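Let me begin by presenting the structure, written as structure tokens, before commenting on it.
The values are calculated or read from the model by the stated rules, or taken from the named source; none is laboratory data. A quick note: this is a predicted structure, and the numbers were derived from the prediction, not measured. Cβ sites come from the backbone with ideal geometry, for glycine too, and all protein chains shown count toward neighbours.
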Amino acid sequence: MSDLHIFTKEEKDACLPIIDYLIYCSNVVRSEGILALENRFETHKNFFLRLLLQQITDGVYPELVKSMATTLIDAENHVGTALLERRIIADGVTMIQAGENPRIIEIKLLCHLGEDYLLERGIANPSYKPPLITFENLLNEAPLQECIFFDNIIQIINNRDLQCVLQFTDPEDIVIALNGCGRIAAKKIGDNLTERLQTRIAGDLKYNEPPELSSILKSQDKISNAMRRMSESGEIVSPTKFFVNAGLHLL
């Protein structure tokens, strides 16, 4: 890995999605633990990435994971983007396993690409102004399919009640349910999440495979039934009849 290789701008640009994915993984691990990566990377097209992430979720010793990565890189005569990408993945996975801060991981991985890429991300660049990123913009990258009954209930419930319901909802169910939301309902859900949860969920929508319709309906049922129970107990003020009128068949 110590051989000198000169990479073109096109080869470096092609590695940016992998860096973003590794930063996403590091944020997941930092907030939920390393086991939270399970089931998130299984469908990723990059074999080398899947292999190393599988090792760290399986609890393989860091020294062995690093040795495995180095051996595989040295064993194959990759050049260009493939070589650079593997070096980045090896570094990133090693740092994720060590529990490094996601921002530090980002800086280290961008060092593979050079000074210009660090400056573009605002690192040691006092004139940098970060782009405006909203949950809605991130959500627009996800292939959502609309389930009109759930959309109706989300549009009817007031923001305070929605925040109360989402606070006690498993984030995994929110992610899955959002795959069956129209844009208006999805934006309303996003507006009532914390910034950290918005970022996490937007990442899951972007990188995870779309769920089956049966899974979407199951998660939406969990949320809608939680609304009904909280309405009946007086925890939220939206009347149960609103949910029934929205067309939902609540259990």
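Within segment 8-60, the residues that satisfy the criterion of being buried (at least 18 other Cβ atoms within 10 Å of the Cβ) and in a loop (DSSP other than H, G, I, E, B) are 15, 40, 41. Of 205, 213, 178, all but one fail to be within 27 Å of residue 45 (Cβ to Cβ), at pLDDT below 85 and surrounded by 15 or more Cβ atoms within 10 Å (Cβ to Cβ); the exception is 205. The set of residues from segment 218-239 being in contact with an Asp or Glu (Cβ under 6 Å, 6 or more places away or on another chain), at pLDDT 85 or above and buried (at least 21 other Cβ atoms within 10 Å of the Cβ) comprises just one member, 219. Checking each residue in segment 107-122 for being assigned to a loop (DSSP other than H, G, I, E, B) and without any contact (Cβ under 8 Å) to a residue 60 or more places away in the chain picks out 111, 121, 122. Quickly run through segment 1-49 and pick out the residues that are within 22 Å of residue 194 (Cα to Cα), among the aromatic types (Phe, Trp, Tyr) and without any contact (Cβ under 8 Å) to a residue 12 or more places away in the chain. Answer for segment 1-49, where residues must be within 22 Å of residue 194 (Cα to Cα), among the aromatic types (Phe, Trp, Tyr) and without any contact (Cβ under 8 Å) to a residue 12 or more places away in the chain: there is none.
Quick grid of which residues meet (1) at pLDDT 85 or above; (2) of a type outside the set (Ser, Thr, Tyr); (3) under 21 Å from residue 53 (Cβ atoms); (4) assigned by TED's automatic domain parsing to the domain that holds residue 15:
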residue: 68; (1), (2), (3), (4): yes, yes, yes, yes
residue: 98; (1), (2), (3), (4): yes, yes, yes, yes
residue: 139; (1), (2), (3), (4): no, yes, no, no
residue: 144; (1), (2), (3), (4): no, yes, no, no
residue: 161; (1), (2), (3), (4): yes, yes, no, no
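Just the residues that are β-branched (Val, Ile, Thr) and surrounded by 14 or more Cβ atoms within 10 Å (Cβ to Cβ), please, taken from segment 71-106. The answer is 73, 81, 88, 89, 93, 94, 96, 105.
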